[in-house]
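Beneath this line is the structure, given in structure tokens, with notes to follow.
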Amino acid sequence: MPSDTNKTAPAGLPEEGAPVLLETRGVHKSYRSDAGHLDVLLGIDLQIRRGEILVIIGASGAGKSTLLHILGALDRPTSGQVHLDGNDLFSLSDRQQARVRNETLGFVFQFHHLLPDFSAMENVAMPLLINGQEPVKARQRAMELLDEVGLRERAQQKPNQLSGGEQQRVAVARALVNAPLVVLADEPSGNLDRANSEMLHDLIWRLSRTQKRAFVIVTHNERLAGRADRQLRLVDGKLNLMNE
């Protein structure tokens with residue numbers, strides 16, 4: 001498993017090689033409330049390269065989900081920039097950001113968020129249909145992804161007919177259906193038992209390698225972090241190498 005060895009490089013600077021797909025520059029995030037001012041992220045500089053599996057670990061409340069939401073243009077930084085494939089995400093209009101989220105990024109959350117009245121195949125095809133894809137082609141692509149995650153035989157089942165592990169595998173297939181540059185995963189196995197968690201982790205690693213997808217996974221699970229190409233820890237609003 002590759003590891004970072006350059007102690008003088010900024011935390012989050014990957015090895016040279018594959019092209020950078022997603023990059024943050026000086027990202028800060030703070031909140032103001034009646035209770036006062038809260039700094040969550042303090043100048044995050046981060047690069048994610050094609051095919052890389054990056055895990056960001058940290059305690060509950062450290063700001064992992066906040067960072068992931070900013071990477072996915074689901075939340076705005078207080079200051080700083082996020083570039084996806086060379087484009088500044090927060091210089092785009094809301095409509096353009098929505099298109100980026102649908103076409104260029106994939107999302108997997110702790111809870112699968114599948115639509116309960118639709119089959120597994122229909123759930124996976126939904127992003128394509130929203131994007132105007134022809135239904136026949138959307139269904140074909142969805143079946144390809146369900147085959148990839150080992151669920152072709154379960155394609156017509158609705159979410160309540162699937163196990164928790166199967167539901168999350170459908171969610172992974174849905175995240176990949178538009179061939180995104182980067183998949184952002186927030187505690188993807190946090191709601192699964194150990195056996196299903198390991199199965200999901202194996203699936204993510206295989207898909208990253210075979211499809212050359214970058215995955216950014218935030219978690220508090222150090223076992224999951226140990227399998228990544230690169231591991232960073234978010235502490236006091238800053239990213240540090242895991243072995244620092």
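The values are calculated or read from the model by the stated rules, or taken from the named source; none is laboratory data. The structure displayed is predicted, hence computed values, not measured ones. Backbone-built Cβ (ideal geometry, glycine too); neighbour counts: all protein chains shown.
Screening segment 141-175 for residues that are of a type in the set (S, T, N, Q) and touching a residue at least 12 places away in the same chain (Cβ under 8 Å) and picking the one that is nearest to P188 (Cα to Cα) gives Q168. Report whether or not E148 is modelled with pLDDT of 90 or more and either surrounded by fewer than 20 Cβ atoms within 10 Å (Cβ to Cβ) or touching a Lys or Arg at 6+ places or on another chain (Cβ under 6 Å) (or both). No, not satisfied. V82 meets all of the listed conditions (1) under 23 Å from L200 (Cα atoms); (2) modelled with pLDDT of 90 or more; (3) not hydroxyl-bearing (S, T, Y) but one, namely (1). Residues that are among the charged types (D, E, K, R) and crowded, with 18+ Cβ neighbours inside 10 Å were ranked within segment 198-244; the one that is farthest from V172 (Cα to Cα) is R233.
The strands (runs of 3 or more DSSP E) falling completely within segment 17-57 that include 2 or more residues that are among the hydroxyl-bearing types (S, T, Y) map to 20-33. Scanning segment 104-113 finds one or more residues that are over 16 Å from P188 (Cα atoms), in contact (Cβ under 8 Å) with a residue 40 or more places away in the chain and not charged (D, E, K, R).
Against the criterion of being touching a helix residue (DSSP H, G or I) at 6+ places or on another chain (Cβ under 7 Å), of a type outside the set (D, E) and either assigned to a helix (DSSP H, G or I) or modelled with pLDDT under 90 (or both), P116 does not qualify. Residues of segment 180-228 that are among the acidic types (D, E), under 17 Å from E52 (Cα atoms) and in contact (Cβ under 8 Å) with a residue 40 or more places away in the chain: D186 alone. Can you work out which of the residues in segment 26-43 that are out of contact with any helix residue (DSSP H, G or I) (no Cβ under 9 Å at 6 or more places or on another chain) and surrounded by 15 or more Cβ atoms within 10 Å (Cβ to Cβ) is modelled with the highest pLDDT? Taking the candidates together, the pick is H28.
Does any residue of segment 168-191 turn out to be assigned to a helix (DSSP H, G or I), surrounded by fewer than 15 Cβ atoms within 10 Å (Cβ to Cβ) and not aliphatic (A, V, I, L, M)?
no
Looking across segment 65-77, the residues that are under 13 Å from T24 (Cα atoms), in contact (Cβ under 8 Å) with a residue 40 or more places away in the chain and part of a loop (DSSP other than H, G, I, E, B) come down to G72, P77.
Quick check on my filter: what residues within segment 211-244 are of a type in the set (V, I, T) and at pLDDT 85 or above? Matches in segment 211-244: V216, I217, V218, V235.
Go through A98, A125, A138 for me and flag whichever is free of Cβ contacts under 8 Å to residues at least 40 places away in the same chain, surrounded by 22 or more Cβ atoms within 10 Å (Cβ to Cβ) and within 17 Å of A175 (Cα to Cα).
A138
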